[in-house]
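Taken together, the values in this text are just the output of simple stated rules run on the coordinates, not laboratory data. All values derive from a computational prediction rather than experimental measurement. Glycine gets a Cβ as well: all are built from the backbone with ideal geometry, and neighbour counts include every protein chain shown.
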Amino acid sequence: MTTTPRRFLVTATPPTTNGDLHVGHLSGPYLGADVFSRAQRMLGHTVLYASGGDDHQTYVVTTAQRLGLDPVELAARCNREITATLELADIGIDAFTSPDDVYRDEIREFFAGLHRAGKLVTRTWTFPYCAETGRYLLEAFATGYCPECLAGTSGAICESCGHPNDVDSLLFAASTGAGDGAVTEPREVEILVLPLEEYRERFTEFYRRRRATMRPHVLRFVDEMLSRPLPDFPVSYPADWGIPVGIDGFDGQVINVWAEMLPGLRHMAGVARARRGPETPSDVWAGDSGFELVQFLGYDNTFYFAFAHLGLAFAHGGLVEPTAIVTNEFYHLDGSKFSTSRRHLIWARDLVGKYGPDNVRFFLALGNPEHQPANFTEAEFLETVRTRLHEPLRALGTALAPHTGRPLPVPEGTEALLDRYRDRMRRAYTLETFSMRQAAETTANLLALLAARAAGDPGLAVAGLRVLASRAAPLVPGLASAIEARYAAAAPGAVPGLADLLPVTV
């Protein structure tokens, strides 16, 4: 079956550079976007995959303060660590950037253009101000309780339900880093906002057309948001960490880091294009570039991508709009959410460094939190990888060892069986039905079948293992490459040696 070639622009939410990636991060957007990108190239499509460090989050400031570090130095160090971790985990990203002067100029010009076009409006916003910290309560500088689901949260967004909040709606707001008795006073500040309600009809029509490529939780969130007036989205706020607005009348304000992210991703995509596909259109984020935008993110960021960024794209009028927003739910560690700030985590570099990228990628794909939270324990990781990956591979190696170097006939019906695997994997990799879990589960099932049949049906095992390697390459690229290398080294049609395919055993 042939398919029409497509062009995909793939993004993973820029990680906050207040720490390295933990296993919860890796299990989400970064692995998902990598598997999707590898799969589309395997299917004959063009892909650019981009992300970059989210240096201007206020969490960088609060973490640096807690650690006694300079925020600029912390962000630079974390960018280096994250880049190294992605490489260690075999995440084949085309560009992972960090903010520089060119980036900051592009961001300022993007919002200056929207301001000149009258798309941004001025609103008087009331912020609590903490004299003890010298900060307005916003983003990580504020803590309290979500007015929607009542969970404890920071300012701007609730990580539990994904709903936005502001300093007026955040319940029992308190100043981060201040003493228990710290007093705040309300201060009125004129800021720039994007009035999302003005785009209600555009949002409604967009999600009517895109329901097939949005995950159910995203659509439920969209319906919840559209059931009430949409909020104004702050584009600027009073702070000294971030990119200065650079528009008259807004001195002492920086661009909201979540607003910054849209043109920031556009910049990152441009870097990816320059590195991987210089023959493609110069502005791959343009609405007429021919690229389909596929964005991978944690569910807690849904508001920003589903409304704030899309609203900015509507306001701009010339940008590509997302074909799909692919969310993942929370990944828990021993029953509680992974958390960098609480140090409840396993660093991705430690797990991958100990057990190798293929073992980690296989497990994280197999139990991926696509539609509901999942839980990680090292004991379950070891048991699953041993029983569903290593033991079948060892059984295949043992059963086929007596046939090494000899040709084996392929039994009748083998191709029909393997075509079922190919078709199911194609469905798991296709945008409209993308599922790492399905791809990993189907691969594990075929591996178990081949291992069980290998002694009496070695021809099936030999043919099946090579097809498995080809189709499972987006999930376990190192293993797939090792299998292909063994087949390439063997005489044509002969059984290759298949011992010790995974360099790290568990």
Checklist entry - For the stretch 461-497 and the stretch 408-441, what is the separation of their C-alpha centers, rounded to whole Å? => result 15
Item to check | Net charge contributed by nearby residues that have their C-beta within less than 15 Å of Gly28 (K/R +1, D/E -1) | outcome: -3
Checklist entry - On a 0 to 90 degree scale, rounded to 10, what angle separates helix 216-226 from the longest Cα axis of the chain? => result 20
Item to check | Label selected from [x] 55; [y] 37; [z] 25, the criterion being percent of Cα pairs over 35 Å apart as computed here | outcome: [y]
Checklist entry - Separation of the stretch 177-245 and the stretch 318-365 by C-alpha centroid, Å? => result 25
Next on the checklist: Pairs of alpha-carbon atoms within less than 8 angstrom and 6+ residues apart define the contacts here; what relative contact order does the chain have, in percent?
Outcome noted: 17
Checklist entry - Counting each DSSP H run of 4 or more residues in the chain as -39500 (n - 2.57), what helix-only mean residue ellipticity at 222 nm follows after dividing by all residues, to the nearest 500 deg cm²/dmol? => result -12500 deg cm²/dmol
Item to check | For Thr122, net neighbour charge (Lys/Arg +1, Asp/Glu -1) across residues whose Cβ lies under 15 Å away | outcome: -3
Next on the checklist: Going by amide H atoms built from the backbone, whose H comes under 5 Å of the H on Tyr49, apart from near neighbours?
Outcome noted: Val10, Asp94, Ala95
Checklist entry - Residue by residue through the stretch 421-430, which ³J(HN,Hα) values in whole Hz follow from phi under the Karplus form 6.51 cos²θ - 1.76 cosθ + 1.60 (θ = phi - 60°), with glycine and proline marked x? => result 5, 4, 5, 5, 5, 4, 5, 5, 8, 5
Checklist entry - Are there cysteines in the chain with no second cysteine's Cβ under 4.7 Å away, and if so, which? => result Cys78, Cys130
Checklist entry - Which of the listed residues, Leu431, Gln295, Ala461, is farthest toward the dipole's positive end in the chain, when Lys, Arg count +1 and Asp, Glu count -1 at the beta-carbon? => result Ala461
Checklist entry - In nm, to one decimal, how far is the Ala491 label point from the Glu391 one, both placed 7 Å along Cα→Cβ? => result 3.6
Item to check | Value of relative contact order over the stretch 246-320, rounded to a whole percent, pairs C-alpha under 8 Å and six or more apart | outcome: 32
Checklist outcome for this item: Once Lys and Arg are counted +1 and Asp and Glu -1 for all other residues with Cβ under 14 Å from that of Leu366, the total becomes -1
Checklist entry - Where the centre of each part is set by its Cα atoms, how far does the stretch 36-81 sit from the stretch 119-158, in angstrom? => result 24
